[in-house]
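Below is one structure, written out as structure tokens, with a few remarks after it.
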Amino acid sequence: MSVLVFFWLLLKASLFSTTGSGNLPILHQDLLARGWATDHQFAEALAIGQVSPGPTGLWVISLGYLIDGLRGAVLALIAVVVPPLVVLAIAGFYQRAGDHPAMRGFVRGLS
């Protein structure tokens, strides 16, 4: 199993999901097709995610642990945390530079 590919699959699922278990179909398809996970591992990870306190999207960390141990759990944690951190960084940048004429023009062009 390639660590970079595993991380990319987790990150891709995290980027394209909108809810806690929204990344389930993407991960299920990608990981089962490669033979890196089983249906049993998905069921266990979802069960752990449901009974654990906190956001439901953290079931991915359990799945990472079941697939690749501590390394898989850390990779899953990073993949789940990166998209919100990027959004926060962009929002912070926009708060500082939002009144600049070039930024207003850029936002107007986007809309």
Output for region 1-60, where each listed residue is over 19 Å from Val74 (Cα atoms) and among the small types (Gly, Ala, Ser):
Ser17, Gly22, Ala33, Gly35, Ala43, Ala47
How about region 54-74: which of its residues are within 16 Å of the chain's Cα centre (by Cα) and at positive phi?
Gly54
For region 1-98, please list each of the helices (runs of 4 or more DSSP H) lying entirely inside it that holds at least 2 residues being touching a helix residue (DSSP H, G or I) at 6+ places or on another chain (Cβ under 7 Å) and within 30 Å of Leu110 (Cα to Cα).
3-16, 59-97
What pairs can you find where one residue is in region 85-101 and within 26 Å of Leu11 (Cβ to Cβ), the other is among the aliphatic types (A, V, I, L, M), and their Cβ atoms are less than 8 Å apart, with a gap of 6+ or different chains?
Tyr94/Met103
Taking region 81-98 and keeping residues more than 26 Å from Phe7 (Cα to Cα) and open to solvent by less than 60 Å² (accessible area, probe 1.4 Å) leaves Gly92, Ala97, Gly98
Going through region 37-48 in order, the residues found to be loosely packed, with under 12 Cβ neighbours inside 10 Å and of a type in the set (D, E, K, R) are Asp39
Of all the residues that make up region 1-36, how many are open to solvent by 60 Å² or more (accessible area, probe 1.4 Å) and within 16 Å of Tyr65 (Cβ to Cβ)?
1
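The values are calculated or read from the model by the stated rules, or taken from the named source; none is laboratory data. Source: prediction; values computed, not measured. As a convention, Cβ positions derive from the backbone with ideal geometry for all residues, glycine included, and neighbour counts pool all protein chains shown. We work out accessible area using only protein heavy atoms, side chains counted, and drop any ligands, DNA or RNA first. Shrake-Rupley method; radii C 1.70, N 1.55, O 1.52, S 1.80 Å.
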